[in-house]
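Submitted below is the structure of interest, expressed as structure tokens.
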Amino acid sequence: MLRTPSPCPDRSVTGIPSVNTGGVCTGFFTISSRCPAFSDRDNPILRLLSGRTHEVVTVLSVCKGSQLESEAVVTKVTFRTLCEEELRAYVRTGEPMDKAGSYGIQGYGAMFVSRIEGDYFSVMGLPLCPLCRMLRAFGVPILDVQEAQA
């Protein structure tokens, strides 16, 4: 965990995911799937992930005043082997066009995931368990007794 004095707004939370496979990093937060190399029928990143395990690294930061805490959360995701027809159909949904790694694990992209090791919410971009721990460290109450009894 990294704690660094830094000028921050009163409070802020940031989660920035990136996807790595075989030493290739596909980009941060949103991969530019709208670049000319991609079309409505093809996505080379999905082809790269097909039948392989990749890592989703989400850097989570919580800031309050001059206090900053950051943590990298790593989740391993394995895709089953994808056929050309389903790759093209998935790209046509438009879902991969604004996602890190060109898939949404919370959407149609979930059909491709055969295994996940780590934090599911990290793959979506905001790892909730570490976030709650970090917020508590900043004095933010999370699920207090009154809420739990309501």
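When you look at GLN149, is it surrounded by 14 or more Cβ atoms within 10 Å (Cβ to Cβ), of a type in the set (S, T, N, Q) and at pLDDT below 90, yes or no?
no
Tell me which helices (runs of 4 or more DSSP H) are completely within the range 52-150 and hold 1 or more residues being more than 18 Å from ILE16 (Cβ to Cβ), or say none if there are none.
Filter on the range 52-150 gives 84-92, 128-137, 145-149.
On to the next question. Mind listing whichever residues of the range 87-107 are of a type in the set (D, E, K, R) and surrounded by 20 or more Cβ atoms within 10 Å (Cβ to Cβ)?
LYS99
Here's the yes/no breakdown for (1) within 15 Å of the chain's Cα centre (by Cα); (2) at pLDDT 90 or above; (3) of a type outside the set (Lys, Arg); (4) exposed (fewer than 15 other Cβ atoms within 10 Å of the Cβ):
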site: GLY22; (1), (2), (3), (4): no, no, yes, yes
site: ILE31; (1), (2), (3), (4): yes, no, yes, no
site: CYS35; (1), (2), (3), (4): no, no, yes, yes
site: PHE38; (1), (2), (3), (4): no, no, yes, no
site: PRO44; (1), (2), (3), (4): no, no, yes, yes
site: LEU68; (1), (2), (3), (4): no, no, yes, no
site: LEU82; (1), (2), (3), (4): no, yes, yes, no
site: GLU85; (1), (2), (3), (4): no, yes, yes, yes
site: GLY109; (1), (2), (3), (4): yes, yes, yes, no
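Has the range 132-139 got any residue that is within 18 Å of ILE45 (Cβ to Cβ), crowded, with 19+ Cβ neighbours inside 10 Å and of a type outside the set (Asp, Glu)?
Checking the range 132-139: not a single residue is within 18 Å of ILE45 (Cβ to Cβ), crowded, with 19+ Cβ neighbours inside 10 Å and of a type outside the set (Asp, Glu).
Could I ask something else about it? If LEU60 satisfies every condition in (1) closer than 21 Å to LEU131 by Cα; (2) out of contact with any Pro (no Cβ under 7 Å at 6 or more places or on another chain); (3) not aromatic (Phe, Trp, Tyr) but one, which is the exception?
Answer for LEU60: the failing condition is (2).
So, in the range 54-66, exactly how many residues are within 15 Å of the chain's Cα centre (by Cα) and touching a residue at least 60 places away in the same chain (Cβ under 8 Å)?
3
The values are calculated or read from the model by the stated rules, or taken from the named source; none is laboratory data. Owing to the predicted nature of the structure, the values given are computational and were not obtained by experimental measurement. All Cβ positions, glycine included, derive from the backbone under ideal geometry; neighbour counts span all protein chains shown.
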